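The values are calculated or read from the model by the stated rules, or taken from the named source; none is laboratory data. Only a predicted model underlies this, so the values are computations on that prediction, with no experimental measurement involved. Neighbour counts are summed over all protein chains in view; Cβ atoms, including those assigned to glycine, are modelled from backbone coordinates with ideal geometry.
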Amino acid sequence: MGTRMTDAGMYAHLWGTDELAAVFAEEARLQTWLDILAGLARAQASLNIIPATAADAITAWARVELLDLDYVAEQTRLTSHSTLGLIRGLQRILPAHAREYVYVGATVQDLTDTWFGIVMRETGAVVWRDAWTIEGMLLDLAARYRDTPMAGRTHGQPGAPIIFGFKAASWADEMRRHLERLRAGRDRWLVGQLAGAVGVLGFFGPQGLELRARFCREVGLGDPGISWLTSRDRLAEFAHVLAMLCATLARIGGEIYELQRPEIGELREPARAGAVSSITMPHKRNPEASEHLDTLARLVRSHAALLLEGMVQQHERDGRAWKAEWVALPEVCLFTGAALGMARQVLADLEVDEQAMAGNLTRYGDRLASERVLAALSDRLGKHRAQALLQEVLSDSDSDLAVELSRRGVATVEEVHAWAARPAVDAATAMVDQVLRRVGAARKAETDTWR
């Protein structure tokens with residue numbers, strides 16, 4: 001059982017996914033570390049730094065299921081060293097001729113930073129796939145509701161007419177920018193680390209750079225070009241891209257949360273069989289997934305901020321900020337995965353009530369057309385005189401806009417009704433069409449695989 005609510009059996013589904021848990025779970029992490037050590041051994045053997053027979057043995061025996069993990073944990077505590085327990089555990093099962101060739105010339109940070117590169121690769125692939133899928137869902141919403149009018153709202157209050165497709169296209173457009181950031185950052189982020197004690201690869205002498213290049217190829221990562229022991233911008237950038245992505249999902253969730261309120265009733269989360277919103281108020285249907293998107297986004301932002309703090313380090317190694325990354329980066333990845341999975345479920349069967357949208361538009365009569373009326377009156381009175389007049393007329397919540405303007409001799413009732421009957425959404429539909437064309441063309445040139 002987990003000691004934290006985020007990994008407790010009852011609640012783990014709220015904070016991660018099985019897919020990403022398979023990347024970050026302890027045995028998965030240890031296996032990845034062993035794979036890195038085996039890759040290092042093969043790279044070293046290719047340069048005759050260690051015997052090829054030793055590299056073959058390390059590769060064959062570097063399997064987490066062969067280790068005594070209790071012994072590994074005991075040795076880790078005994079030595080107060082982050083990876084010596086793993087080294088001793090592997091040495092314990094290796095043939096005698098290979099034992100001295102485990103982890104030659106490498107450091108804890110070489111191992112864990114290379115692991116960071118691998119988990120960013122694995123997480124990034126999941127994030128791209130799910131974000132790409134969500135973008136497609138949002139485009140479908142934008143196209144389907146391109147001509148569906150609804151009230152636009154500012155400061156939480158009804159403002160002027162928009163179309164629901166415009167709102168969905170805005171979400172899709174934002175998701176496209178996150179995908180562009182993911183694509184642009186991929187080669188920057190997915191690099192290995194082989195730096196040695198202070199970053200200059202002194203243990204390996206003139207072979208250091210070639211060894212690093214071969215090692216990075218062995219583990220499927222790019223060569224960083226220069227050691228990055230205290231240069232932590234890659235992790236900070238990756239985390240902040242995920243934080244921004246989660247913020248977009250929270251924005252979408254927040255809209256659903258607000259528009260599901262019964263007094264508005266324009267959107268609703270899909271009802272899930274067996275779900276119970278309240279055990280004391282059975283009438284309720286809570287938008288719990290939508291509000292949880294906000295919770296997850298807050299957590300991702302907080303951990304991303306910690307990774308940004310980690311860019312401020314001293315000298316050639318600084319364990320204070322570096323080890324905080326061991327907590328923060330996995331949390332960013334797991335929470336983002338949970339948010340994406342939840343958003344996919346919500347959007348797949350999102351209920352859109354077009355009648356409620358139309359009803360909310362007509363509820364306020366001509367008042368939601370005040371911008372259009374202002375534009376028409378500005379031609380007659382000047383913009384500022386027209387605005388002052390409308391402000392005065394509309395300050396009385398019971399006044400009839402058309403009647404009041406007619407009484408003041410600035411427009412006929414018929415003119416006001418005609419202005420109000422033509423919502424100014426032509427530009428909105430044009431923008432929706434533009435997003436559909438541009439993003440659709442971008443999607444045709446790519447797939448749901450992160451490349």
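Tabulated data for the structure shown
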| read-out | value |
| --- | --- |
| Test: residue in region 408-417 that is part of a helix (DSSP H, G or I), out of contact with any Phe, Trp or Tyr (no Cβ under 6 Å at 6 or more places or on another chain), surrounded by fewer than 12 Cβ atoms within 10 Å (Cβ to Cβ) and not assigned by TED's automatic domain parsing to the domain that holds residue 159 | yes |
| Selected residue (criterion: nearest to the chain's Cα centre (by Cα)) from residues of region 41-66 that are surrounded by 21 or more Cβ atoms within 10 Å (Cβ to Cβ) and within 17 Å of residue 88 (Cα to Cα) | 62 |
| Meets criteria (outside the structural domain of residue 289 (by TED's automatic domain parsing), part of a helix (DSSP H, G or I) and in contact (Cβ under 8 Å) with a residue 24 or more places away in the chain) for residue 340 | no |
| In region 39-88, the residues that are aliphatic (A, V, I, L, M) and touching a residue at least 60 places away in the same chain (Cβ under 8 Å) | 40, 41, 43, 47, 49 |
| Criterion (of a type in the set (Gly, Ala, Ser), assigned by TED's automatic domain parsing to the domain that holds residue 160, closer than 30 Å to residue 404 by Cβ and assigned to a helix (DSSP H, G or I)) met by exactly one of 328, 369, 297, 356 | 356 |
| Residue identified as outside the structural domain of residue 41 (by TED's automatic domain parsing) and not aromatic (Phe, Trp, Tyr) among 169, 96 | 169 |
| Unique match (being assigned by TED's automatic domain parsing to the domain that holds residue 117, in contact with an Asp or Glu (Cβ under 8 Å, 6 or more places away or on another chain) and surrounded by 23 or more Cβ atoms within 10 Å (Cβ to Cβ)) among 249, 259, 229 | 259 |
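Residues are listed down the side, and each one gets a yes or a no for (1) in a loop (DSSP other than H, G, I, E, B); (2) closer than 21 Å to residue 43 by Cβ:
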position	(1), (2)
183	no, no
196	yes, yes
206	no, yes
210	no, yes
213	no, yes
217	no, yes
225	yes, yes
231	yes, no
252	no, no
